[in-house]
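The values are calculated or read from the model by the stated rules, or taken from the named source; none is laboratory data. Since the structure is predicted, the reported quantities are computational estimates derived from the model, not experimental observations. Because the Cβ atoms are built from the backbone with ideal geometry, glycine has one as well, and the counts that use them run over all protein chains shown. Side chains included, ligands, DNA and RNA excluded: accessible areas come from the protein's heavy atoms. Shrake-Rupley method; radii C 1.70, N 1.55, O 1.52, S 1.80 Å.
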Amino acid sequence: MPDQVRGARGGALCAGYTLIELMIAIGLGSAIVLTASASMRLAAQAVTIAERMSRNNELLASGISQALDEVDYWKEYDDPQGGAGMQRLRASEAPPGITSATGHALLFGLPFSPFSPSAANGQSSGSGGANFPAVWAAGSDQGFGYGWQDDERLWAISADNELTWWTGNIAETQESDVRFGHYSIFGVSRMPNENPVLIDGGKWGGLGAWQPRNGGGQYGMVPFGAEPPPPTATGGVAPLQAIPGGYRHGTPGWLYNQIHGLSNAIGWYGMMEYLPACAIDCYATQYHQEPGNGGGWISSPADSTDSAGRPIYLIQTFSTVSWGYPNRPYYNLQAFSPNWCPHSMDFLTSYTAFGLLPVNHNCYELTTAAQSTQATSARGIAANPPPAGQGTALTTDQLVFFHRSYGRLNCDDMPVGAWGTNNSASFVEPQYTQGSTVSPMVTGPAEMTLFSERTSTADDLLPLRPANWPDIAVSVGRYLRLCRFSTQATVRFSDPVSGEQVGLAFTAMGTTLRGARRMRLLDGNPVQ
Amino acid sequence: MSLACARARRRSGTILIIVAGFCALLASLTIAFMLKIRSGADATEVVAQQTQARLMLHAACCYILEAGRLGYGPSRAQALAPASAGVGMTSGQGGELQVREGYGWIDVRSADLTSSQGDHGPFDQLMNSVVAQKGTWPDVGGIVICPMYRWTRPPYAIKATVAYNPILSDPAQSGDPRYGRPLLLNPDPQPAVANGWPGTVSDALITPAGLPSWSDFVNGVPQPVPSSQGTAWFRVYRKSQATFIITCGAGGTFGYRDWGEVLTPSPAITGAPGAPNGAAQFNNDRGFFDALLASEVRLWYEVRWSGGVRPLDFRFEEPKWWWQLQNGMAYRTYPVNASQYPGWCRSNKFNPNPLGTISFIQRLDAQGGQPVDPVTGPMTLW
């Protein structure tokens, strides 16, 4: 052994550890290692938690971004690249079993139905859309006023432009004998070949036709001549050019045709969005007796009236079951024109809500377990199981119905049953029922839940995630309520490991329905 | 060296290595943690910017609604002098002075443009256009840039005091002659700047800012609140009479579209910060501007104004009640602010859109930093 490793007593230096020294050294070393490893473990856990929290936050951020994208692009309602299966709200239908009293084929559209053939064709070739028939084409049986007039000068004003004047006596339109004049004659909505037009003709006061009370009867046949040309044809109006006088004075009935055409073409929510703010949602047509009393539909269910010639309450909420047509009670829509005065959104939305159905993913059209899971995730509550026979994808028939219906919200502001001779027990309202039957009616909170589910998207952003991964789901609902178009977004997050659940609910301002249609070129070429 | 000695040394080194390794791992974890937090903050920042940009959409729509009517009265400089016709004021039919205001983007008096010689307006009470220079905002083709930082104190600011004249309601004060009585003892509201009240009110009183009180009140304090600067802006281009392209921004470029516009803003632009050369706003540093531009969120929308407003008596079921009360003999629409039927009267709170309405909003896709029209493609004017 070399000298340099020997101790003073001649023994080896490395043999100098005592047991105590060894125990202390081992103890201290172990403590250091344990402390370090514990710190390491804690740090690793902290990082793991931070990673998870960060991922959660990123998921929430993704959910918010997804919700805002949906607010602007409406893909859950109509996916421009999705083909026909994802564009069901462009469909339309001729109501089965219904014929117009004047021989016109009826056609009810949905919120994304193209107005004109050029719009429909443009979609098929330009944006990957499928072909859908135009619902408001000039020269067609649905050609009220030659289609939608997208001109900012026509609609931006109401006082100066006679085209936008609503002809009628507002104060007199309820249970009136029209003693101050039959002003609505100046604005009758009609088809090109509907001439002359039969005005008034009330036979029964109970339907609001009070002419007989004063010895009246049919007002008579009024010749209007050929349908006037649309405003844009008279002056060749180009953007930023002066509008000729004929633009304002030459097309009586233009406004009523626009309302009539919008209602038929895209339903009530769309109609109310296209019309100017605070527009009166009424129009007048020729007289025809209501279905069930020997009459029939004219050009939409709204034309069923016993006293045409006076403005029709477009969103009539009460009509007897007998007025419906077989097996389709949900088409019991309107009548009672003078009995219920014309209304604006002020009244209509004071106790009702008009919604849009996101057909691509919503919380009610649950056909698979995966969709049910999505709905559950999106709403943060257990999905409301649809009743037996319900809950499958809505047919075009049902979509047409629901886009001409509303959610009735119980409140004290509108005691409908006590008004006049109307007894709410005798009438069926076109509200959000189960979709195929009238009875039993869904009322109160159940109806509100149904309305909410039908009008809310359900989009799970991670449908194929591992079981222990957090989930993020987005829901966007659009409805019209209390004079306001609302877009309600909800982002829901759930973590199966921690049990944490987070819900963010917010409203957002973005693309409107009309803007979404313009994105998809569904309105044809606009004039500005 | 003996084997035992070598083992002891290795053992000592092992602990050191283990501890050092743990420390290194701890350090790396810490760095990873910090990076993750940083990336999480970045992800959240995008959400905050999206939110800011959407708030700008709301602000821009409100601006469009108001700019069709308001904002054409005396400037702040003009407001310091006595009111006179021609400086934000017009003469009424009786010769009285009226604050100048517009009558909407499409004037109901001249929708066919025949009485305005093809001009687009807005027009004031006398059918004179409020447009100071053709092609500039608010004319068709004009652009306005609105950085949305918060002023230290806005013009004409009033105090946030809720009740200047609270009614005495404490029973212990019942002996006070003011007890239970709504007395107007103090003006309500009151300006945010000192004006001498409750002593002698004076326009010329020198405020702590060293300015006459009226001048200080009118001009406010325009310096931005630092935390609000560089966060959001909007920009509006008047595409046609009632259709506008809105650019919503969340970032620090103040709404300039590019560096070239910073150096030479288009004559059509109003409100460009630092014009005629805004480079100083960015430290005369193009790289700085480009960095701000790269980190900014911009959203484009096309919107349309409608003159549709809601009158205060717009509730048609009310005549029905009156008709029933009168045994079917009369109809009546309640006057504004009528009080004979509690709960049914109409007041200004029922008029949510006195300046018109936005009839549609359409998000525009973006391509190469420009909005894209679905029909015509990329838009050069915005």
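Condition check ((1) part of a loop (DSSP other than H, G, I, E, B); (2) surrounded by fewer than 18 Cβ atoms within 10 Å (Cβ to Cβ); (3) at pLDDT 80 or above) across all residues:
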{"residue": "A:PRO228", "(1), (2), (3)": "yes, no, no"}
{"residue": "A:PRO239", "(1), (2), (3)": "yes, yes, no"}
{"residue": "A:THR251", "(1), (2), (3)": "yes, no, no"}
{"residue": "A:ASN257", "(1), (2), (3)": "no, no, yes"}
{"residue": "A:LEU262", "(1), (2), (3)": "no, no, yes"}
{"residue": "A:TYR269", "(1), (2), (3)": "no, no, yes"}
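Here is a check on your reading of the model: is B:SER202 more than 28 Å from B:ASN283 (Cβ to Cβ), open to solvent by 10 Å² or more (accessible area, probe 1.4 Å), touching a strand residue (DSSP E or B) at 6+ places or on another chain (Cβ under 9 Å) and among the hydroxyl-bearing types (Ser, Thr, Tyr)? Answer is yes for this residue. Where residues in the range A:39-67 are free of Cβ contacts under 8 Å to residues at least 60 places away in the same chain and open to solvent by less than 30 Å² (accessible area, probe 1.4 Å), which of them is nearest to the chain's Cα centre (by Cα)? By that ranking, first place goes to A:ALA61. Residue-level analysis places B:ALA60 among those that are in contact with a Phe, Trp or Tyr (Cβ under 6 Å, 6 or more places away or on another chain) and within 14 Å of chain A (Cβ to nearest Cβ).
Exactly one residue out of B:ALA272, B:ALA280 is part of a loop (DSSP other than H, G, I, E, B) and either farther than 30 Å from A:TYR73 by Cα or of a type in the set (Val, Ile, Thr) (or both), and it is B:ALA272. One residue stands out among those in the range A:68-95 that are within 10 Å of chain B (Cβ to nearest Cβ) and part of a helix (DSSP H, G or I): the one that is most open to solvent (accessible area, probe 1.4 Å), which is A:ASP69.
Of the residues B:SER227, B:SER240, B:SER215, the single one that is in a loop (DSSP other than H, G, I, E, B) and modelled with pLDDT under 95 is B:SER240. Pairs only if they're at least six apart or on different chains, beta carbon under 9 angstrom, first in the range B:159-173 and more than 14 Å from B:PRO187 (Cβ to Cβ), second open to solvent by 90 Å² or more (accessible area, probe 1.4 Å) and not β-branched (Val, Ile, Thr); list them, first residue then second. Listed pairs, sorted by first residue: B:ILE167/B:ARG178; B:ILE167/B:ARG181; B:ILE167/B:PRO182; B:LEU168/B:ARG178; B:LEU168/B:ARG181. With the structure loaded, tell me whether B:GLY73 is surrounded by fewer than 18 Cβ atoms within 10 Å (Cβ to Cβ), more than 14 Å from chain A (Cβ to nearest Cβ) and under 24 Å from B:GLN241 (Cβ atoms) or whether it fails that test. Here the answer is yes, as B:GLY73 does meet what is asked. Given the condition over 18 Å from A:ALA353 (Cβ atoms) and of a type in the set (Lys, Arg), answer yes or no: does some residue in the range A:467-489 qualify? Checked the range A:467-489: no residue is over 18 Å from A:ALA353 (Cβ atoms) and of a type in the set (Lys, Arg). Scanning the range B:340-382 for residues that are in a strand (DSSP E or B) and either within 8 Å of another protein chain (Cβ to nearest Cβ) or modelled with pLDDT under 85 (or both) turns up B:ARG346, B:THR357, B:SER359, B:PHE360, B:ILE361, B:GLN362, B:ARG363.
Let's see how each residue does on (1) free of Cβ contacts under 8 Å to residues at least 12 places away in the same chain; (2) over 25 Å from B:GLY271 (Cα atoms); (3) open to solvent by 40 Å² or more (accessible area, probe 1.4 Å); (4) in contact with a Gly (Cβ under 9 Å, 6 or more places away or on another chain):
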position	(1), (2), (3), (4)
B:LEU29	yes, yes, no, no
B:LEU35	yes, yes, yes, no
B:LEU55	no, no, yes, no
B:ALA59	no, no, no, no
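Residues in the range B:275-295 that are in contact (Cβ under 8 Å) with a residue 12 or more places away in the chain and open to solvent by 20 Å² or more (accessible area, probe 1.4 Å): B:PRO276, B:ASN277, B:GLN281, B:ARG286, B:ASP290, B:LEU292, B:LEU293, B:SER295. Taking the stated definitions as given, is B:TYR103 open to solvent by 80 Å² or more (accessible area, probe 1.4 Å) and either among the hydrophobic types (A, V, I, L, M, F, W, C) or modelled with pLDDT under 95 (or both)? Here the answer is yes, as B:TYR103 does meet what is asked. Only a single item in (1) under 16 Å from B:ALA59 (Cα atoms); (2) out of contact with any strand residue (DSSP E or B) (no Cβ under 8 Å at 6 or more places or on another chain) is not met by B:THR264, and it is number (1).
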